[in-house]
1. For residue 215, work out the one condition from (1) modelled with pLDDT under 95; (2) touching a Ser or Thr at 6+ places or on another chain (Cβ under 9 Å) it doesn't fulfil.
2. Out of (1) at pLDDT 95 or above; (2) part of a loop (DSSP other than H, G, I, E, B), what's the single condition that is false for residue 161?
3. What do you reckon, is residue 260 surrounded by fewer than 15 Cβ atoms within 10 Å (Cβ to Cβ) and either at pLDDT 95 or above or closer than 22 Å to residue 14 by Cβ (or both)?
4. For the stretch 70-89, give me each residue that is of a type outside the set (Gly, Ala, Ser) and part of a loop (DSSP other than H, G, I, E, B).
5. If we keep just the residues of the stretch 1-27 that are part of a loop (DSSP other than H, G, I, E, B) and basic (Lys, Arg), which is modelled with the highest pLDDT?
6. If you take the residues in the stretch 90-117 that are touching a strand residue (DSSP E or B) at 6+ places or on another chain (Cβ under 9 Å) and assigned to a loop (DSSP other than H, G, I, E, B), which one is surrounded by the fewest Cβ atoms within 10 Å (Cβ to Cβ)?
7. Given the structure, is residue 133 free of Cβ contacts under 8 Å to residues at least 60 places away in the same chain, of a type in the set (Ser, Thr, Tyr), crowded, with 16+ Cβ neighbours inside 10 Å and in a loop (DSSP other than H, G, I, E, B)?
8. Out of everything in the stretch 13-45 that is of a type in the set (Ser, Thr, Tyr) and closer than 17 Å to residue 152 by Cβ, what residue ends up being surrounded by the fewest Cβ atoms within 10 Å (Cβ to Cβ)?
Amino acid sequence: MRSRENVKLSEKYLEGQVAFVTGSSRRIGRAVALRLAQAGADVVVHAATSLSEIQAVAKEIEGLGQRSLALLGDVTSEDDVVKIFDQIDQKFGRLDVLVNNAAIRGQCDFLTMSLQEWRLINSVILDGAFLCSREALKRMVRNASGGSIVNVGGLSAHIGAVSRAHVSTAKAGLVGLTKALAVEFAPKGINVNCVAPGKIGGERSKTSGASPHMPGAEKILAGREGTVEEAAFVIANMCMPQSKFMTGQTVHVSGGLFLP
């Protein structure tokens, strides 16, 4: 076995591995999928309905010299999630990395928020992460080769946001899930972490809503919003072999807006 001193960083640190990024048709999810491909992974991309968009991302991944698979599915549906992972098995026969990025946000004043709206947001973010993590971990444990899971949290879970009680709550739940899975699966060589992006610029999807008002949002120490590529770099690097000693952590990519 090579000593830690002899382990060298490599641009292709995920060569031979297979990654699955939920909600990867655009923004951070797309950027993560491309970054993982640049690191040498074959990448499965996913969306709920936008097939043409994920097919375009898959083509970009193949242009980087990696294999890809574009899959549609509802991450809140147990049947859909099982089918997705069965297709990953058929195509690749393994899974090494899962990034739980699928989310819808929306905005609603708390006093007029319906139970249906509350459950919808929590279902996509939390139920989706539960179902996908469960299927991914079954395969990681079965293959006995370790693995990495990164849950994409959010700044609102830590400082709150106006009209986003449902989102803040769901994203906070991801922190708890991260810790629980880290404890349970560390003996299997699987690390589980959470990345909480702050205010990320660029065009927002329809399900994201407007950029939310957060306390102190004008005090980003970096003096600007972040980019999807900056968030993706941190997420992908948490899957590298040299990051295995980090588990159960929430890492903030917020330009210093939040200092835990």
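The values are calculated or read from the model by the stated rules, or taken from the named source; none is laboratory data. All figures in this text were calculated on a predicted structure; none of them were measured in a lab. Here the Cβ is made from the backbone with ideal geometry for all residues, glycine too, and neighbour counts use every protein chain on show.
1. Every listed condition holds for residue 215 apart from (2).
2. So the condition that residue 161 fails would be (1).
3. no
4. Restricting attention to the stretch 70-89, the residues satisfying the condition of being of a type outside the set (Gly, Ala, Ser) are 71-72, 74-76, 78-89.
Matches in the stretch 70-89: 74, 75, 76.
5. Looking at the filtered set, the residue picked out is 26.
6. Taking the stretch 90-117 and keeping what is touching a strand residue (DSSP E or B) at 6+ places or on another chain (Cβ under 9 Å), we get 91-103.
Adding the requirement that they be assigned to a loop (DSSP other than H, G, I, E, B) leaves 93-96, 101-103.
Details: 93: 10, 94: 16, 95: 23, 96: 23, 101: 28, 102: 24, 103: 26.
Only one residue tops the list, namely 93.
7. Working: free of Cβ contacts under 8 Å to residues at least 60 places away in the same chain: yes; of a type in the set (Ser, Thr, Tyr): yes; crowded, with 16+ Cβ neighbours inside 10 Å: yes; in a loop (DSSP other than H, G, I, E, B): no.
No.
8. Here is the first cut: in the stretch 13-45, the residues of a type in the set (Ser, Thr, Tyr) are 13, 22, 24-25.
Adding the requirement that they be closer than 17 Å to residue 152 by Cβ leaves 22, 24-25.
On the way: 22: 27, 24: 31, 25: 25.
Looking at residues that are of a type in the set (Ser, Thr, Tyr) and closer than 17 Å to residue 152 by Cβ, I get 25.
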